[in-house]
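All remarks here apply to the structure that follows.
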């Protein structure tokens, strides 16, 4: 049986985790790291990572990168920025890391996505395009089928 103080502490921890998630959603383009997020939540980095994963099914870093990739997808669909400009606009410091994570989540490289998405979402309201093109988390993207000549 769970005691009332333990249940109350659990609710406080969940509220802190929601604040961390909300901060990631708001400040995804800022230089965030797990240590800074943990300090803001008055937790150790290890404890934050464990609790965040239990609550949301992925680490804080993975959640941050997913947010960044979602925003990058929207910017790439717009088509007025280069892949490098999009990388830095969403808060990534390394084009290589950005491209690798983008490909893991979306299934194609940023430049390929940019070419394909412009025509695939033409005429679609942006709110619908965002939902339809939402990245798949935790490396669940299917590998592209090989093209036969």
Those helices (runs of 4 or more DSSP H) lying entirely in the range 84-149 with at least 1 residues modelled with pLDDT under 80:
110-120, 126-132
Suppose the filter is touching a helix residue (DSSP H, G or I) at 6+ places or on another chain (Cβ under 7 Å), crowded, with 18+ Cβ neighbours inside 10 Å and in the same structural domain as residue 93 (by TED's automatic domain parsing); does residue 67 pass it?
yes
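Table: residues versus (1) touching a residue at least 40 places away in the same chain (Cβ under 8 Å); (2) within 27 Å of residue 128 (Cβ to Cβ).
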| residue | (1), (2) |
| --- | --- |
| 35 | no, no |
| 53 | no, no |
| 60 | yes, no |
| 63 | yes, yes |
| 85 | no, yes |
Per the filter on the range 1-30, residues at pLDDT 90 or above and not in a helix (DSSP H, G or I) are 28, 29, 30
In the list 48, 54, 81, 37, which residue meets the criterion of being over 18 Å from residue 100 (Cα atoms), at pLDDT 90 or above and outside any helix (DSSP H, G or I)?
81
Can you name the residue in the range 35-52 that is surrounded by 14 or more Cβ atoms within 10 Å (Cβ to Cβ) and closer than 16 Å to residue 9 by Cα and, of all such residues, is farthest from the chain's Cα centre (by Cα)?
43
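The values are calculated or read from the model by the stated rules, or taken from the named source; none is laboratory data. In this text, all values refer to a predicted model and were calculated from it rather than measured experimentally. Note: ideal-geometry Cβ built from the backbone for every residue, glycine included; neighbour counts use all protein chains shown.
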